[in-house]
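Working notes, beginning with the structure itself.
The values are calculated or read from the model by the stated rules, or taken from the named source; none is laboratory data. Keep in mind it's a predicted model, so treat the numbers as computed, not measured. Every residue, glycine among them, receives a Cβ derived from its backbone with ideal geometry; neighbour counts consider all protein chains shown. Side chains included, ligands, DNA and RNA excluded: accessible areas come from the protein's heavy atoms. Shrake-Rupley method; radii C 1.70, N 1.55, O 1.52, S 1.80 Å.
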Amino acid sequence: MLKEELVKKNPLRVLHPAQGDACPDYRMGLVIARAGLGKTAILVQIALDSIMRGQKVLHVSIGQSLEKAKAWYDDIFRHLVEGQSSEKVVALDEDVLRSRMIMTFKESSFSRPKLEERLNDLVYQNIFRPDCVVVDGLDFTAADRDSLLDLRELMVAMNVQVWFSALSHRDDTRVSTDGIPAPCHEVGDLFDTVILLQAEQQGIRLEIIKDTTGCASPEVALMLDPSTMMVKAV
Amino acid sequence: MKKKIENVRNIGISAHIDSGKTTLTERVLFYTQRIHAIHEVRGKDGVGATMDSMELERERGITIQSAATYCSWKDYTINIIDTPGHVDFTIEVERALRVLDGAVLILCSVGGVQSQSITVNRQMTRYKVPRIAFINKCDRTGANPYRVAQQIRDKLGLNAVMLQLPIGLESDLKGVVDLITMKAIYFEGDQGETIREAEIPADLLSEAEAKREELLDAASMFSDELMEAALEGTPTEEMIRAAIRKGTLSLDLAPVLVGSAYKNKGIQTLLDAVLHYLPAPNDVENTALDLNDNEKEIVLNTDPAAPLVSLAFKLEDGRYGQLTYVRTYQGSVIKGDTIVNSRNGKKVKVGRLCRMHADQMEDIDGAGPGDIVALFGIDCASGDTFTASEISVSMSSMHVPAPVISLSILPVDNKSQGNMSKALNRFTKEDPTFKTFVDPETNETIISGMGELHLDVYVERMKREYKAEVQVGQPRVAYRETITQRAEFNYTHRKQSGGSGQYGRVAGYLEPMEEGVFEFVDKIVGGAIPREFISSCDKGFQKSLEKGNLAGAPVTGVRAVITDGAAHAVDSSDIAFQLAAIGAFKEGYMKASPVLMEPIMKVAVEGPTEFQGAVMGSLNQRRGIIVGTMEESNYTVVEAEIPLAEMFGYSTVLRSLTQGKAEFTMEFSAYKPVPKNIAEGVIKAYQTEKSKK
């Protein structure tokens with residue numbers, strides 16, 4: 001009950017309508033922004049929204065600790081269920097814990113074969129079968145097109161959707177023809193949906209600059225509340 | 001010798017098991033001339049290290065109980081508590097941290113920050129203990145202190161700053177570069193006792209300069225004077241040290257030193273760092289609760305002439321009777337003084353006062369604020385506060401986790417029976433997480449504690465130290481019961497058996513509340529139950545909580561609210577209302593959908609990455625939720641939440657799965673409901689056992 005309510009009122013419905021059957025099972029999404037604008041917060045909200053929709057999520061954190069990733073989930077979850085009765089929240093919290101797994105890698109040790117090996121460990125032993133994978137902290141300046149293609153193939157083969165975060169830099173002004181900034185300007189075609197975060201006077205604006213799935217509604221204006229880091233419709 | 005309080009350091013040495021803390025302590029005692037020869041933990045001479053004073057510890061090569069010891073270095077007094085490394089004994093670690101002002105966190109330069117260090121670090125943060133890190137074992141193959149320093153930042157969240165660089169690594173380790181004095185330091189002589197300062201080797205100079213820049217950047221945050229001097233290129237050693245000290249004391253900086261205790265390198269410089277950067281007792285604010293003023297918190301002062309406030313933090317059964325380790329926070333304790341145990345108001349005379357050096361002792365006449373000493377022949381429990389008779393304060397209560405596992409023990413003969421009770425009496429006084437009681441139904445003696453190893457060690461100690469042979473039963477999980485919904489009760493207790501009878505009616509409701517607590521609420525209006533019997537109702541409810549109706553486990557997380565009742569002018573009594581409340585609880589309890597709860601442990605398994613799949617599989621089979629995995633270069637930590645009931649014997653399973661290369665730690669996380677199918681089994685077993693009696 002609570003889950004349905006949370007799914008319904010989540011502004012992220014613009015990415016994925018509640019009746020999402022028309023959307024493909026796999027989707028490669030990208031959240032791109034400059035440092036400190038809230039990429040991780042968006043990824044965690046996308047992950048929690050998937051969990052609320054009954055999916056299992058694998059959160060891959062590159063270069064950050066397990067504790068930090070857990071703290072993000074705790075924080076965002078707390079905001080999400082604000083004002084709900086504590087009994088329902090406790091039950092839901094347990095549900096979230098069962099539907100989420102976090103893997104952290106060192107920057108230097110992350111690669112597609114490694115991720116595949118870890119995923120196989122989970123899937124073959126029936127420990128955890130993710131429907132959605134979020135990858136936070138991948139260094140796109142060092143990731144070549146082949147390795148991303150590789151990752152896309154893996155996700156398609158496993159029938160999961162995957163969301164990445166990418167860090168852009170103020171001094172790198174290169175942009176692809178469809179408006180995707182560096183360092184992803186040359187690999188933008190690999191992504192089905194791209195969200196750009198931009199700092200504005202009123203807060204941080206989420207702009208869906210690309211969507212080929214037909215599920216998203218780019219015309220809806222979304223902002224990130226800087227005090228809670230929660231997405232809200234404006 | 002009287003010492004100024006500024007020249008006292010009370011430090012703990014905490015680390016992951018096998019990081020070499022006992023070896024390091026041994027060196028410290030040698031260099032501070034408390035001992036005259038160095039013995040290794042698993043040394044060939046069979047003597048064992050000085051701090052491992054219990055026979056069992058020597059045999060296993062681990063430190064179980066923290067031994068306090070006193071030494072002096074360059075006109076400073078250092079009291080060292082050697083703390084145990086295994087998480088099953090964390091109460092020892094926590095208790096030690098409570099009485100210490102600063103700590104040295106030892107890390108292995110190969111193993112890095114391991115799960116136990118994370119636990120210990122968390123405990124240090126809880127008790128606000130400033131710390132310095134010592135990266136040990138730089139002589140070992142695969143040593144990489146820079147990686148470990150980075151791990152201190154990443155995994156422990158500390159602002160780690162290297163104050164030294166190693167000169168050479170692994171078998172080439174020669175000494176250290178001091179980034180403050182910009183000198184190379186070599187430790188020469190058979191046991192590294194001669195220190196030689198020299199110029200920094202040319203090949204290390206540019207690295208040393210870069211690291212010094214990092215150090216100055218970090219330290220400047222705590223001193224404007226240093227920041228200006230650094231910009232002008234004229235920082236002095238004193239300025240740098242003062243800034244590092246300030247940052248360390250405010251827990252905003254963690255100085256990192258390097259060396260190898262086994263190869264006698266870097267110990268004297270570590271001792272210097274203890275003096276420079278860790279707090280003196282008067283740098284730390286300690287508080288106590290004023291028992292005469294509604295337990296108001298008061299700040300203690302380190303004036304030796306102020307009334308005494310001290311804490312008994314550890315008991316030991318020595319050759320000459322009970323030894324009580326005491327830390328004084330305020331005032332002084334003098335031989336011949338009468339002091340008061342604030343828990344029970346008992347007055348005791350200080351007969352003999354000692355400074356402890358592992359298992360040898362030195363008689364002293366008195367101890368001032370900040371000192372750690374041992375008292376003889378005083379009957380008390382761990383955690384008791386001793387004060388001067390004119391004040392009545394208590395040190396704030398220590399965080400004591402509830403036991404999660406129990407075992408039945410049965411002495412094999414009469415002699416063992418007597419010895420066993422002596423041993424249990426001692427252990428329960430020494431360790432508040434170790435509890436014992438006789439089950440009134442089975443007449444078995446039950447011991448309970450924080451984990452399998454915790455209880456194992458006490459069973460072994462009973463055998464070795466007290467010659468008490470016991471048969472040990474299967475470990476049992478400490479279940480709890482709670483309710484999940486509100487339910488009403490309206491119960492009348494009536495008994496007529498000639499003479500005055502018993503009468504009491506209690507009505508109201510039970511409702512769930514947060515785990516671990518019970519609340520009794522009196523909402524009676526108009527005196528339906530006379531005032532004098534309200535507390536009888538509370539007593540009755542409290543009694544009912546001891547054993548729930550499902551599986552005989554304690555009940556928690558319940559609020560009992562009474563709203564109505566009735567009394568009889570002649571037949572109502574304290575006992576009548578107690579029994580009425582017990583009946584009322586029983587009536588309401590079964591209607592309130594009671595559930596069985598079990599302890600869930602936070603388990604961290606650490607081992608080579610190649611075994612990650614197998615480890616996750618083994619955890620998954622144990623009704624576990626795998627929270628996440630952390631992959632380092634060649635090893636992985638898998639973190640999971642698993643019911644304690646599923647963890648029995650896991651160490652053996654893990655050993656065989658990983659060729660002994662992985663290890664795990666666990667600590668209590670929370671009580672959570674037992675899945676229905678498993679709860680049914682537990683409840684059925686209890687009911688069958690009950691019906692047999």
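Some observations on this one:
- Extension gain, residue B:490 to residue B:203: 0.36 nm times the residue separation minus the Cα-Cα distance gives 94.7 nm.
- Partner shielding of A:122-128 amounts to 4, given as the average count of beta-carbon atoms from other chains within 10 Å of each residue beta-carbon.
- Other residues lying with their Cβ under 12 Å from the Cβ of residue B:650 contribute a combined charge of -1, Lys and Arg counting +1, Asp and Glu -1.
- Per-residue ellipticity at 222 nm computed for chain A from its helices equals -10500 deg cm²/dmol, with DSSP H segments shorter than 4 residues left out and the rest contributing -39,500 (n - 2.57).
- Carbon + sulfur, % of accessible area of chain A - ligands and nucleic acids excluded, 1.4 Å: 48
- Förster radius 56 Å - calculated FRET efficiency between residue B:171 and residue B:292 (Cβ-Cβ, nearest 0.05): 0.30
- Cross-link pairs exceeding 25 Å in C-alpha to C-alpha distance, out of A:68/B:676; B:591/B:684; A:88/B:602, comprise A:68/B:676.
- Inter-chain Cβ neighbour count for B:621-630, averaged per residue, equals 6 (cutoff 10 Å, partner chain atoms only).
- Nearest-0.05 FRET efficiency for residue B:125 and residue A:233, computed from C-beta distance (R0 51 Å): 0.80
- Neighbourhood net charge (13 Å Cβ-Cβ; Lys/Arg +1, Asp/Glu -1) for residue B:331: -3
- A simple packing score, the average count of other Cβ atoms within 10 Å per residue, orders the peptides B:163-171, B:410-418, B:509-517 as B:163-171, B:509-517, B:410-418, with the highest score first.
- Taking a point 7 Å out from the Cα of residue B:159 in the direction of its Cβ, the residues of the range B:200-221 whose backbone N falls within less than 11 Å of it are B:217-221.
- Chain B: calculated mean residue ellipticity at 222 nm from DSSP helix runs of at least 4, using -39500 (n - 2.57): -9000 deg cm²/dmol
- Full-extension gain in nm, residue A:87 to residue A:142, via 0.36 nm per residue minus C-alpha separation: 15.2 nm
- The range B:359-467 - convex hull of alpha carbons, volume per residue in Å³: 172
- Simple spin-label estimate for residue A:199 and residue B:656 in nanometres, 7 Å along Cα-Cβ: 5.8
- Estimated D of chain B in µm² per second, where Rh is the Kirkwood radius over Cα pairs and Stokes-Einstein applies at 10 °C, 1.306 mPa s: 57
- The A-B contact accounts for roughly 1900 square angstrom of buried accessible surface, both chains included, probe 1.4 angstrom.
- Report note on the peptides B:380-389, B:216-225: ranked by the mean count of other C-beta atoms within 10 Å, highest first, their order is B:380-389, B:216-225.
- Cα pair distances exceeding 20 angstrom across the range B:532-656, given as percent: 60
- Equivalent ellipsoid semi-axes, the protein assembly as shown, via Cα gyration tensor eigenvalues times 5, rooted, Å: 47, 44, 27
- Greater than 29 Å apart at Cα, pairs in B:183/B:246; A:232/B:128; A:106/B:137: A:232/B:128
- Unit charges on C-beta of K, R, D, E only; dipole of chain B, Debye: 2380
- For residues of A:96-106, the mean tally of beta carbons on other chains within 10 Å: 5
- Carbon plus sulfur fraction of accessible area for chain B, probe 1.4 Å, in percent: 49
- Residue-normalised accessible area of chain B, given per residue in Å² at a 1.4 Å probe: 41
- Placing pseudo-labels 7 Å out from each Cα toward the beta carbon at residue B:186 and residue B:546 gives an inter-label distance of 7.2 nm.
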